[in-house]
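Below is one structure, written out as structure tokens; comments come after it.
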Amino acid sequence: MNPKRTFAALALILLAGLVLYFAFVRRDTPEGPILTALPDLWVTTVPGAEPGSTAAKEESTSAAPTTSKAATTTKATTKSSTTKTTTTKTSGEAAYAFAGAYEGIEPAITAVTDPYLILVNRHYALPAGYQPALAVCVPVYAEKREMERTAAAQYKKMYDAALKDGAELIPYSGYRSTQRQKDNFDRLIRTNMDRGLTRVQAINIAAQSIMPPNCSEHEAGLAMDITRPGVWDVRDDFKGTKEYKWLSDHAFEFGFILRYPAHKADITLVQSEPWHWRYVGIEHATKMRDSGQCLEEYLGRY
Ligand code: ZN
């Protein structure tokens, strides 16, 4: 037996094994491909729809004043926003409220040290029952889009400033209840499975464009999906609009950041979302703009 041939045969077998591993096994890992196509995520109604519509009803019930801890924390920590605060992983505390429901999704509970710097993503979840104090951000629309009350007030200021410059930042999707987030996430998983994906693949792909329940910035009231006049939808081509250009130049002045830029997708694990703007406060938004960091980098947690 020629030792050279034996060696070559072994090398070939090893190579074939590696190819098979990357072709099949890796497809189920969390680092799956970033999607470029955006599925339809939100069932909603057009502006000017009857307040009795499903979306309006759901959002108006969530607008009830709250006396939760979150509201108190908001007040208490606003003063101390100059001190360096970061979201920390809390071990041994509350478990993820949906533990076991979504294979591969087992986030830690995020610490709410500063309510405006909360880190929520597929690795960090809001504590179960987290409820921000809400306010309508721009009261001119029939659908009362809400955010956490400071974020809402800042959004209104930003909206007014942009309008003066000829850009209308229409609030498309703001605060969502955890139940609504769960419904959206479950619906997308079903859609993905209908396309022939396994459940694990369907969950993984879904989490690249919509966060699992308890893991969305919309549930914290800190995110707004923005659209423009004439388009009642969130779309990639928002990036080419004057509204997007205005936001890119001025959003930080009001405390908002582009949360999921295309070039940070490997860190955020979310595909590019030019419409999703996150409130972090003016100080942090300015620092993040100057440093070019996304939230995970800014907090050193990724
Ligand atoms: Zn969003």
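The values are calculated or read from the model by the stated rules, or taken from the named source; none is laboratory data. No experiment lies behind these values; they were computed from the predicted model shown. As a convention, Cβ positions derive from the backbone with ideal geometry for all residues, glycine included, and neighbour counts pool all protein chains shown. The protein model used for the area step is the full one, side chains on, heavy atoms only, and it has no ligands, DNA or RNA in it. Shrake-Rupley method; radii C 1.70, N 1.55, O 1.52, S 1.80 Å.
Which of the following residues is under 19 Å from I226 (Cα atoms) and either touching a Pro at 6+ places or on another chain (Cβ under 8 Å) or in a helix (DSSP H, G or I) (or both): A265, A285? Testing whether each residue is under 19 Å from I226 (Cα atoms) and either touching a Pro at 6+ places or on another chain (Cβ under 8 Å) or in a helix (DSSP H, G or I) (or both) leaves just A285. Within region 241-265, the residues that satisfy the criterion of being touching a residue at least 40 places away in the same chain (Cβ under 8 Å) and within 18 Å of the chain's Cα centre (by Cα) are L247, A251, G255, F256, R259, A265. Scanning for something within 16 Å of the ligand (Cβ to nearest atom), touching a Lys or Arg at 6+ places or on another chain (Cβ under 7 Å) and of a type in the set (G, A, S), does region 177-189 turn up at least one residue? No: region 177-189 contains no residue that is within 16 Å of the ligand (Cβ to nearest atom), touching a Lys or Arg at 6+ places or on another chain (Cβ under 7 Å) and of a type in the set (G, A, S). Every condition in (1) at pLDDT below 95; (2) open to solvent by 10 Å² or more (accessible area, probe 1.4 Å); (3) among the hydrophobic types (A, V, I, L, M, F, W, C) holds for I282 except the one numbered (1).
Filtered by the rule that a residue be at pLDDT below 90 and under 19 Å from E297 (Cα atoms), region 77-112 gives S81, T82, T83, K84, T85, T86, T87, T88, K89, T90, A111, V112.
Scanning region 205-250 for residues that are within 14 Å of the ligand (Cβ to nearest atom), surrounded by fewer than 20 Cβ atoms within 10 Å (Cβ to Cβ) and not in a loop (DSSP other than H, G, I, E, B) gives a single hit, D236. Among the criteria (1) under 30 Å from A94 (Cβ atoms); (2) buried (at least 21 other Cβ atoms within 10 Å of the Cβ), the one K182 does not fulfil is (2).
The set of residues in region 104-121 that are out of contact with any Pro (no Cβ under 6 Å at 6 or more places or on another chain), of a type outside the set (G, A, S) and farther than 20 Å from G255 by Cβ comprises E106, P107.
Got at least one residue in region 147-160 being surrounded by 20 or more Cβ atoms within 10 Å (Cβ to Cβ), modelled with pLDDT of 95 or more and outside any helix (DSSP H, G or I)? Yes, because at least one residue in region 147-160 is surrounded by 20 or more Cβ atoms within 10 Å (Cβ to Cβ), modelled with pLDDT of 95 or more and outside any helix (DSSP H, G or I).
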